[in-house]
Amino acid sequence: PPEPDVASERPGPDRVPNRFTREPTTGLVLKSNTRSTRLSSAVLHRLEPGTTYSWRVVAVDASGRVLAASPLQTLGTEEE
């Protein structure tokens, strides 16, 4: 989960890598021209039922440098 910090909600490359207190649960790598996607079964199997997750889109260049990031959003999974 993100650290509780109102400033962290603003997007920006300097606010992405150190905003989390643990490793991401899962993720996707998409081409730069992608406008939408569905979560793959590999991603969905990593999510626990009845849990709320934080997510954001992060743009990185070929060297791995963060260029931009969206504000944090939340995603809740249904109970089984």
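Listed values, structure above:
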| item | result |
| --- | --- |
| Close pairs (9 angstrom Cβ cut-off, 6 or more residues apart or separate chains): closer than 13 Å to residue 47 by Cα and of a type in the set (Phe, Trp, Tyr) in segment 59-80, surrounded by 10 or more Cβ atoms within 10 Å (Cβ to Cβ) and at pLDDT below 80 anywhere | none |
| Residue under evaluation residue 18, criteria (1) part of a loop (DSSP other than H, G, I, E, B); (2) modelled with pLDDT of 80 or more, criterion not met | (2) |
| Qualifying positions in segment 53-64 - surrounded by fewer than 10 Cβ atoms within 10 Å (Cβ to Cβ) and either of a type in the set (S, T, N, Q) or over 14 Å from residue 29 (Cα atoms) (or both) | 63 |
| Output for segment 27-80, where each listed residue is at pLDDT 90 or above and in contact with an Asp or Glu (Cβ under 6 Å, 6 or more places away or on another chain) | 49, 50 |
| Residues (of a type in the set (A, V, I, L, M, F, W, C) and either in a loop (DSSP other than H, G, I, E, B) or out of contact with any helix residue (DSSP H, G or I) (no Cβ under 7 Å at 6 or more places or on another chain) (or both)) located in segment 50-80 | 55, 57, 58, 59, 60, 62, 72, 75 |
| All positions within segment 51-80 that are among the small types (Gly, Ala, Ser) and over 14 Å from the mean Cα position of the chain (by Cα) | 62, 63, 64 |
| Residues that are under 15 Å from the mean Cα position of the chain (by Cα) and either surrounded by 13 or more Cβ atoms within 10 Å (Cβ to Cβ) or within 26 Å of residue 80 (Cβ to Cβ) (or both), drawn from segment 32-50 | 37, 38, 39, 40, 43, 44, 46, 47 |
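The values are calculated or read from the model by the stated rules, or taken from the named source; none is laboratory data. Everything quoted here is computed from the prediction, not taken from an experiment. When we count neighbours, we look across all protein chains shown, and the Cβ atoms used for this are built from the backbone with ideal geometry, even at glycine.
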